[in-house]
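Trainee: One structure, as structure tokens, below. Some questions next.
Read-outs throughout are calculated quantities, based only on the coordinates presented, and are distinct from any laboratory measurement. These numbers come from a predicted model, not from an experiment. Using ideal geometry, Cβ is built from the backbone for each residue, glycine included, and neighbour counts are taken over all protein chains shown.
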Amino acid sequence: MIRHIVLLKARPEVGEAQIAAIFADLHAIKAKLPGILAIHAGRSESPEQIERGYLHGFTVDFTGWQALAVYQSHPDHQRVGAALVAAAQGGIDGILVFDLPIP
């Protein structure tokens with residue numbers, strides 16, 4: 001399994017409703033791609049409070065690397081990714097991506 005982790009540092013003028021709409025579009029992708037096991041998204045509630053501005057994020061669990069590759073090239077992912085970049089502070093610089101293999 002591959003856990004795809006994405007953190008977003010949103011621009012100050014981007015509201016919670018806009019981020020929720022992006023996450024709703026993300027969740028809709030699960031029904032279209034069989035290699036997705038789970039999607040979780042939301043705002044950080046960390047008691048440590050060391051998010052450094054990355055207050056929103058999501059994870060997508062894939063069956064493997066091939067499923068992640070299919071997701072990355074899917075037009076719906078491209079649309080959601082463009083919306084994330086547009087919402088991020090500094091564009092792509094306001095997004096962190098980490099892919100973690102889980103045995």
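Trainee: Using 1/(1 + (r/R0)^6) with R0 = 22 angstrom and r between the beta carbons of GLN72 and GLU51, what's the FRET efficiency to the nearest 0.05? Could you put the intermediate results ahead of the total?
Mentor: On the way: r = 25 Å, r/R0 = 1.15.
Result of the calculation: an efficiency of 0.30.
Trainee: So for each of 81-87, 4-10 I average, over its residues, the number of other beta carbons within 10 Å; can you give me the resulting order with the highest mean first? Don't skip to the answer; put the middle values down first.
Mentor: Details: 81-87: 16.7, 4-10: 19.7.
So the order, starting with the most tightly packed, is 4-10, 81-87.
Trainee: Relative contact order of the chain, please, whole-number percent, based on alpha carbon pairs below 8 angstrom and at least 6 residues apart.
Mentor: Relative contact order for the chain comes out at 49 percent.
Trainee: What is the dipole size for the chain, taken about its Cα centre, with +1 at each Lys and Arg Cβ and -1 at each Asp and Glu Cβ, in debye to the nearest 20?
Mentor: 180
Trainee: What are the DSSP H helices in the chain that stretch 24 Å or more along their long axis, judged by alpha-carbon atoms, and whose average Kyte-Doolittle hydropathy comes to at least 1.0?
Mentor: none
Trainee: I've got another one for you. Loop-only check: which trypsin sites (Lys or Arg not before Pro) in region 42-103 are DSSP coil with at most 11 other Cβ within 10 angstrom? Let's see the in-between values first.
Mentor: Values: sites: ARG43, ARG52, ARG79; in loops: ARG52.
Here the trypsin sites (Lys or Arg not before Pro) that fit, given the DSSP loop and packing criteria, are ARG52.
Trainee: Using +1 at the Cβ of each Lys and Arg and -1 at the Cβ of each Asp and Glu in region 2-101, identify which of TYR71, HIS27, GLY15 lies farthest towards the dipole's positive end.
Mentor: TYR71
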